[in-house]
Each structure stands twice: as structure tokens, then as C-alpha cells.
Amino acid sequence: MFDAISTSGTGLTTYRTWLDVIANNIANVNDVSPTSGPAFQAQYVQAQPIDGGPDGAGQGVAVTGLPSSSAAGVLEYDPNNPVADANGYVRRPDIDMSEQMGNLIMAQRAFQANANVVERSTDIYKAAIDIGKGI
Amino acid sequence: MTTPIAPIGAISALTPTAGVAAPTGAGPAGGASFADALGRGFDAVQGAQSNADGLAVQAASGQLTDPSQYTIAATQAALMTQMATTLESKAVTAFNTIMGMQA
Amino acid sequence: MLDDIASLSLQAAIGGLATRQRVTADNIANVETPGFTARTVEFESSLAKALAGGDPAQARVGISPSDAQAGINGNNVSLDTEIVTATKTGLQQQLLTGALTSKYGLISTVLKG
């Protein structure tokens, strides 16, 4: 019953996860690591649709993984940095801020759209429940 | 002298009077067709009520996909019950009026 | 007439939904409490089993801890899941209390003649 709300709920969860991931990526955009180890690896959200509802409509989306980007990062010449190696290089994360900001806007819009569906579905279901009220 | 009106049974055994607009006979001979008329349509109201009940059980156990299925069935059952009750009381009134016309 | 299968099922479900609403409100209130474990309510499967056995009054409401993953502070309440649950529970309560009301309404209609 009321499957549209559950389906939108999976969307809310997925986009909130994406939001968390983007926030983490942006928070760590300036992490400096020594060349001996990995750079901070940005995460991506991998999502798959959930198939097969009672009327064949499909049941939403699920996060199936959080793959990471490359561990090599970007090599930067910064000899004054305390973690710089013998040649003066450090690793920085390979994160494109404009890409992250674009994703942030997409995640926000998608979350809002799903919340909107929850609201409208609630109104529709209320109308269905009110059929015959007062007869 | 007066043929007894068919007794009203348990609530679920409601008997609508679907075709009683013209009582065919005022005397005992009319009593047989009156009882028939009372019995006609009984299954329809019973069916509507038990259909609504079945959907209510599905809704309670979370198996109903579409809530409007239940509310539509419940509305139909309510309307048919109201109609049956109204027809029955009008039929009883008409019967008593006609009976009162006899000596 | 007031204890037929449909009425008993509706009463059992309405009770289960009331519990679910309280537990969901408790989860939402504790969305920031460190170490808090969200709880879920289950009665549909118990009711379905009781119905298969012919006596819906045997249905039981069960509260169990959720196995969602916890965040940094040990709190595992997922706000969107709780809001979806609260919305659905509210709609189901409206539907089922309306169903019980209309059942009583049928009896009242007949009694009034």
C-alpha cells in the first residue's frame, strides 16, 4: 500500500547519501598526503534501480557501492611542506571543485523532487481514502 | 389472518426489497410474492458487504495495493445497505397500509 | 457482528499502527542522540499468519531494533526512512479507522431502519 511514498523514500535516502559523499569530498579537497601513501580519494555514488513492484512499476533506487577515485591524486611541487618527499613533491586529491558543486546542485534538486513526490502522493492517497466519506 | 412479514434476520442477513414498488396482491396470495420480493437482491447486498470486508482485511494486513479499491467497495456496500433499509421500511409501510384497507 | 474477521483484523492493525507511530516519533526525536539505536515495529506478518489460522485476534505487535548502519556517534536513525514511515503510517491509520467507522455505520444504518 502507498508504494509511491516508499519509492520516493528510496530516492530521498540515495540523494542524501550522495549529499554526504559530496560534502566529504569537498571537506577534504585540500588534504595533503606524502607521496609514500595514497592521496585522499574522492568517492562516487553508484546507484541501481530496484525492479518489480506489485503492479510492475519498479520500486525505486538503491545505492550499490561507493567507488573511490584514483589513489595517485595530483603531484604538486611544494618543498616547504612538512610532508614533502625528497624531491619536494606532495600528493593532493584529484577533485574537481566545479564537478563537485555541479553534483551538489543535482543532488539537491533530485532530493527536492523526491520530497515533492512524497507530498503529492500523500494528497492523492488522502483523496482515495476520503472516497465515500460521510455516506 | 395477516401473513407474517418475513422476519428480519441478523444484521448481515439484510433483505432488500428490490421489486416491491407494485404489491401484486393485498391478500394472502400477495404474501408469497411479497416474500419473494423481499428476498430478491439479498445476495447483492450480502455480496457487496463481504467484498468490502475482504478488502478491509487485505488493507489491514498491508496486502492491498490500491487503497481506493477498498474505499470504493465500502461506499458501494454502504449505499446498497441504505437503499435496502429504505426500501424495506417503505415496503413494510405500504404493506401495512394495504392490510389496513381490508375489513 | 462486532467480532467478525474484518473487524478483528482492523482492530489488530489499528493497534499495531498506533505502536508504529509512537516508535517512529521516538526515533525522530532521537535523531541526534549519540549511541541511539532506531527501532522498528512489525505486526503485518503476525496478522497475516493469524488470519491464515482463522483468528486475527492472535496477531502480536513486535518492536525490534533496526539493523541500519550507525553513523559516527553511534546513532543509526535514518531521517528519511522515519519520515516515509510516519507518512505511510498516518495514511494507513486514516484508511483503517475509516474502514472500521464505515463498518459500524452499516450496522447503525440498519438499526435506524
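Laboratory data are not the source of any read-out in this text; all were calculated from the coordinates shown. Not measured: the values here are computed from a predicted model. Glycine also receives a Cβ, built like all others from the backbone with ideal geometry; neighbour counts cover every protein chain displayed.
Compute the long axis of helix A:3-27 from its Cα atoms, compare it with the longest principal axis of the Cα atoms of chain A, and write down the angle in degrees, 0 to 90, nearest 10.
20
Percent of Cα-Cα pairs per 10 Å bin, from 0 to the last occupied bin, for chain C, please list those.
14, 35, 27, 16, 6, 2, 0
What are the residues whose amide H is under 5 Å from the amide H of A:Ala47, where those residues sit 5 or more places off or on another chain and H is modelled from the backbone?
A:Thr64
Kindly write out, for region B:46-55 in residue order, the coupling ³J(HN,Hα) from the Karplus curve 6.51 cos²θ - 1.76 cosθ + 1.60 (θ = phi - 60°), rounded to whole Hz, with x marking Gly and Pro.
4, x, 5, 5, 6, 5, 5, 4, x, 5
With a Förster radius of 45 Å, plug the Cβ-Cβ distance of C:Ala52 and A:Ser69 into 1/(1 + (r/R0)^6) and report the FRET value to the nearest 0.05.
With R0 = 45 Å, the Cβ-Cβ based efficiency is 0.30.
Using all Cα-Cα distances in region A:1-44, what percent lands in each 10 angstrom bin from 0 up to the longest?
Cα pair-distance distribution for region A:1-44, in percent: 25, 32, 21, 14, 7, 1.
Could you tell me which of A:Tyr125, C:Thr109, A:Val74 has its Cα farthest along the dipole of the protein assembly as shown towards the positive end, charges placed at Cβ (Lys, Arg +1; Asp, Glu -1), taken about the Cα centre?
Final value for the positive-end residue is C:Thr109.
Count charges around C:Val84 for me, please; just the other residues with Cβ under 15 Å from its Cβ, Lys/Arg as +1, Asp/Glu as -1.
Result for the local shell: 0.
When the dipole is taken about the Cα centre of the protein assembly as shown, and only Lys, Arg (+1) and Asp, Glu (-1) are charged at their Cβ, what size is it in debye, to the nearest 20?
So the dipole magnitude of the protein assembly as shown works out to roughly 1240 debye.
For region C:1-86, which GluC sites (Glu not before Pro) pass both filters: DSSP loop (anything but H, G, I, E, B) and at most 16 other C-beta atoms within 10 Å?
Filter output for region C:1-86: C:Glu32.
Starting at the first residue of region A:61-77, write each ³J(HN,Hα) from the Karplus equation 6.51 cos²θ - 1.76 cosθ + 1.60 with θ = phi - 60°, in whole Hz, x for Gly and Pro.
So the J values, rounded to whole Hz, are 10, 9, 7, 9, x, 10, x, 9, 7, 5, 7, 6, x, 10, 7, 10, 8.
Between A:Asp123 and C:Leu111, what is the label-to-label distance in nm when each label sits 7 Å out along the Cα-to-Cβ direction?
According to this spin-label approximation, the distance is 3.9 nm.
Is it possible to state the helix-based mean residue ellipticity at 222 nm for the protein assembly as shown, with each DSSP H run of 4+ residues giving -39500 (n - 2.57), the sum divided by total residues, to the nearest 500 deg cm²/dmol? What is it?
-19500 deg cm²/dmol
Could you compute how fast the protein assembly as shown diffuses translationally, taking Rh as the Kirkwood radius over C-alpha pairs and applying Stokes-Einstein at 37 °C with viscosity 0.692 mPa s? Give it in µm² per second.
Rounded, D is 130 µm²/s.
Please name which of C:Ser45, C:Ile14, C:Gly62 has its Cα lying farthest along the dipole of region C:5-112 towards the positive end, using unit charges on Cβ (Lys, Arg +1; Asp, Glu -1) and the Cα centre as origin.
After comparing all options, I get C:Ile14.
Taking the Cα centroid of region C:75-113 and of region A:85-128, what is the distance between the two, rounded to the nearest whole Å?
Computed from Cα coordinates, the inter-centre distance equals 34 Å.
Quick one: order A:Ser36, A:Ser70 by neighbouring beta-carbon count within 10 Å, fewest to most.
By the 10 Å Cβ count, ascending: A:Ser36, A:Ser70.
Pairs of lysine in the protein assembly as shown with Cα under 30 Å and at least 8 positions apart or on different chains: total?
Value for the protein assembly as shown: 14.
With 10 angstrom as the radius, rank A:Tyr15, A:Tyr89 by how many other C-beta atoms surround their C-beta, starting from the fewest.
A:Tyr89, A:Tyr15
Rg(Cα) of region B:34-101 divided by 2.2 N^0.38 Å?
1.50
Starting with the fewest neighbours, write out B:Asp53, A:Asp3 ranked by other beta-carbon atoms found within 10 Å of each beta-carbon.
Placing the least packed residue first, the sequence is A:Asp3, B:Asp53.
Long-range amide H contacts for C:Thr40: which residues qualify at under 5 Å (H placed 1.01 Å from N, peptide plane, sequence gap of 5 or more or a different chain)?
Answer set, sorted by chain and number: C:Ser64, C:Ser66.
Averaging over every viewing direction, what projected area does the convex hull of the Cα atoms of region A:26-127 cover, in nm²?
One quarter of the hull surface, i.e. the mean projection, equals 8.8 nm².
I'd like to know which of A:Val32, B:Ile72, C:Phe36 lies farthest towards the positive end of the charge dipole of the protein assembly as shown, counting +1 on Cβ of Lys and Arg and -1 on Cβ of Asp and Glu.
Among A:Val32, B:Ile72, C:Phe36, the one farthest towards the positive end of the dipole of the protein assembly as shown is B:Ile72.
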